[in-house]
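Undergrad: What follows is a single structure, and I will ask about it in a moment.
The values are calculated or read from the model by the stated rules, or taken from the named source; none is laboratory data. Predicted model only: the values in this text are computed from it and were never measured. Neighbour counts are summed over all protein chains in view; Cβ atoms, including those assigned to glycine, are modelled from backbone coordinates with ideal geometry. For accessibility, only protein heavy atoms count, side chains too; no ligands or nucleic acids. Shrake-Rupley method; radii C 1.70, N 1.55, O 1.52, S 1.80 Å.
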Amino acid sequence: MALVNEHFLKLTNNYLFADIAKKVNAFKVSHPKKRVISLGIGDVTQPLCPAVIEAMHKAVDEMAVQASFRGYGPERGYDFLREAIVKNDYAPRGIHLDPNEIFVNDGAKSDTGNIQEIVRWDNNVGVTDPIYPVYIDSNVMIGRAGIFENGKWSNITYMPCDDTNNFVPQIPDHRVDMIYLCYPNNPTGTVLTKEELKKWVSYAIKNDSIIFYDAAYEAYIQDENIPHSIYEIRGARKVAIEFRSYSKTAGFTGVRCGYTVVPKELTATTLDGSERVSLNQLWNRRQSTKFNGTSYISQRAAEAIYTPEGKKQVKETIDYYMTNAKIMRESLTRLGFKVYGGENAPYLWVKTPNNTESWKFFEQLLYGAYVVCTPGVGFGPSGEGFIRLTAFGTREDCKEAMQRIADWVTQV
């Protein structure tokens with residue numbers, strides 16, 4: 001008899017964004033003449049930049065010729081891309097990486113969900129709250145999260161981040177084996193200073209913990225004093241794995257490419273404490289077994305963003321989205337909303353008026369202004385009373401959505 005993995009049964013029936021889609025579709029069916037503007041899901045709208053398109057066309061042409069055709073690629077990724085990553089993303093910040101510490105993937109979501117496979121199922125977990133749902137769900141699937149009670153998992157340490165602590169998570173007063181940090185943060189759009197990040201690295205070193213650091217939105221940082229990588233902190237190579245993505249940096253949500261950094265110094269111990277094992281080697285073994293590598297075409301596309309033309313074009317797209325964020329932040333602030341984020345990240349975290357519950361405000365905004373947001377409680381208990389808005393829409397939709405919200409607010 002085949003038995004199901006019952007840990008999957010502990011998950012909520014739908015992923016957060018599936019619930020949102022269901023509610024939005026129901027609205028569209030009952031209001032077919034209303035045009036809905038979505039500021040909820042963090043998908044990009046601007047086309048790939050010319051340098052990327054040119055590189056993809058060239059790569060496709062290479063695949064049509066026997067002499068330049070490529071089959072399976074290296075599981076870690078092609079040297080041309082990993083070397084470009086080291087040279088452009090890290091060396092200018094004084095961070096020295098070996099290309100063999102870079103693992104190219106099909107987007108950060110895969111690796112942030114799968115990375116927990118290389119450590120024991122009974123490690124305990126710490127997360128900032130609110131948090132990107134994949135971090136917790138992937139640990140639920142393996143049986144690490146415990147029991148879901150009163151909106152929380154029993155074996156997970158929650159570190160609340162809200163307006164009472166300026167969205168800075170407090171260091172736990174006990175040892176946590178695995179810590180998930182995402183900065184610039186999704187969903188709140190807030191950042192950590194270098195001094196705050198140093199505290200986490202020191203904590204991890206002292207407690208022999210591992211930090212899973214999601215830096216998918218680092219390209220949006222505008223403040224020169226905010227760290228772009230955890231490896232800007234001394235000692236982080238011994239305790240941290242970093243995830244990067246081209247999805248929001250270069251509009252690759254449909255192309256699928258990103259990478260993970262697993263330093264060679266990073267180790268974890270066996271249960272009896274007799275041996276320390278290289279996590280770089282374990283992750284390479286895992287990828288060799290379960291992953292056949294990212295497509296050659298996608299990797300050539302990613303390489304192109306590091307050319308002078310690519311860098312300029314990608315920056316223009318990022319500036320476009322951050323201008324959207326500025327328009328939204330200023331408009332909502334004028335309307336009396338308390339708005340966080342949107343300055344170093346493409347997300348705005350908005351406090352609901354009169355402590356309205358997140359899902360209730362989601363429906364009010366949808367039916368009142370025909371605008372879609374993401375309920376904050378979907379990201380964790382501390383997200384209750386907030387909504388997330390994204391700046392990834394078109395400029396026209398961004399402005400129209402703000403006008404709709406303004407008209408709606410004056411009517412209620």
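Undergrad: Rounded to a whole number, what % of the accessible area of the stretch 65-141 do carbon and sulfur atoms account for, probe 1.4 Å? Let's see the in-between values first.
TA: Details: 1570 of 3200 Å².
Answer for the stretch 65-141: carbon and sulfur cover 49 percent of the accessible area.
Undergrad: Using the C-alpha gyration tensor of the stretch 1-158, what are the square roots of 5 times its eigenvalues, in whole angstrom, with the largest one first? Display every interim value, and only then the final one.
TA: Details: eigenvalues 250, 151, 65 Å².
Largest first, the stretch 1-158 gives 35, 28, 18 Å.
Undergrad: Taking R0 as 25 Å, what's the FRET efficiency between Lys194 and Glu316 from their Cβ-Cβ distance, rounded to 0.05?
TA: So, using R0 = 25 Å, E works out to roughly 0.35.
Undergrad: On to the next question. Roughly how far apart, in whole Å, are the Cα centres of the stretch 1-30 and the stretch 323-355?
TA: Rounded to whole Å, the Cα centres lie 29 Å apart.
Undergrad: Counting DSSP beta bridges with both partners in the stretch 52-306, what percentage is antiparallel, nearest 5? Walk me through the numbers on the way to the answer.
TA: Numbers: 13 of 30 bridges.
Percentage antiparallel, nearest 5: 45.
Undergrad: Quick check for you: with a 1.4 Å probe and neighbouring chains kept, what is the accessible area per residue of the stretch 52-306, in Å²?
TA: On the way: 10850 Å² over 255 residues.
Heavy-atom accessible area per residue stands at 43 Å².
Undergrad: I would also like to ask the following. Where the only charges are on Cβ atoms (+1 Lys, Arg; -1 Asp, Glu), what is the dipole of the stretch 228-355 about its Cα centre, to the nearest 20 debye?
TA: On the way: 20 positive and 11 negative charges, 25 e Å.
So the dipole magnitude of the stretch 228-355 works out to roughly 120 debye.
Undergrad: Same structure, new question: Just going by the charge dipole of the chain, with Lys and Arg at +1 and Asp and Glu at -1 on Cβ, which of Ile297, Tyr231, Leu335 is farthest out on the positive end?
TA: Leu335
Undergrad: Continuing with the same structure: What's the FRET efficiency of Leu335 with Ile53 using the Cβ-Cβ distance as r and R₀ = 41 Å, to the nearest 0.05? Please list the in-between numbers first.
TA: Details: r = 39 Å, r/R0 = 0.95.
The formula returns an efficiency of 0.60 here.
Undergrad: So for Ile297, Ile230, what's the accessible-area order with a 1.4 Å probe, most first? Walk me through the numbers before you get to the answer.
TA: Values: Ile297 45, Ile230 0 Å².
Largest accessible area first, the list is Ile297, Ile230.
Undergrad: At a 1.4 Å probe, what is the % contribution of carbon and sulfur to the accessible area of the stretch 343-412? Before the final figure, lay out each step's value.
TA: Values: 1200 of 2660 Å².
So the carbon and sulfur contribution to the accessible surface is 45 percent.
Undergrad: Could you state the number of Å between the C-alpha centres of the stretch 130-150 and the stretch 361-385?
TA: When both Cα centres are located, 21 Å separates them.
Undergrad: On to the next question. Report Rg(Cα)/(2.2 N^0.38 Å) for the stretch 40-111, keeping two decimals. Don't skip to the answer; put the middle values down first.
TA: On the way: Rg = 15.2 Å, N = 72, 2.2 N^0.38 = 11.2 Å.
That ratio works out to 1.36.
Undergrad: Shifting gears a bit: Just in the stretch 235-324: which GluC sites (Glu not before Pro) are loop by DSSP and have at most 12 other Cβ atoms within 10 Å?
TA: Those satisfying the criteria are Glu275.
Undergrad: If I take the Cα coordinates of the stretch 231-270 and project them onto the principal axes, what are the three extents in Å, biggest first?
TA: Cα spread of the stretch 231-270 along its principal axes, largest to smallest: 38, 25, 11 Å.
Undergrad: Let me ask something else. Using only alpha carbon positions, build the gyration tensor of the chain, then give the equivalent ellipsoid semi-axes as the square roots of 5 times its eigenvalues, largest first, whole angstrom. Can you show the working numbers first?
TA: Numbers: eigenvalues 221, 155, 90 Å².
That gives 33, 28, 21 Å for the three semi-axes.
Undergrad: Hey, another quick one. What is the magnitude of the charge dipole of the chain about its Cα centre, with +1 placed on the Cβ of each Lys and Arg, -1 on the Cβ of each Asp and Glu, and no other charges, expressed in debye to the nearest 20? All intermediate terms of the calculation are to be shown ahead of the outcome.
TA: Values: 47 positive and 48 negative charges, 110 e Å.
It works out to roughly 520 debye.
Undergrad: Return the Cα extents of the stretch 192-334 along principal axes one, two and three, sorted largest first, each rounded to a whole Å.
TA: Answer, in whole Å and largest first: 57, 39, 27 Å.
Undergrad: If one computes the Cα centroid of the stretch 76-112 and of the stretch 154-217, what distance in Å separates the two points?
TA: Measuring centre to centre over Cα atoms gives 23 Å.
Undergrad: Taking the stretch 103-143, how much of its Cα-Cα pair set, in percent, is spaced more than 15 angstrom apart?
TA: Details: 337 of 820 pairs.
Within the stretch 103-143, distances greater than 15 Å cover 41 percent of Cα pairs.
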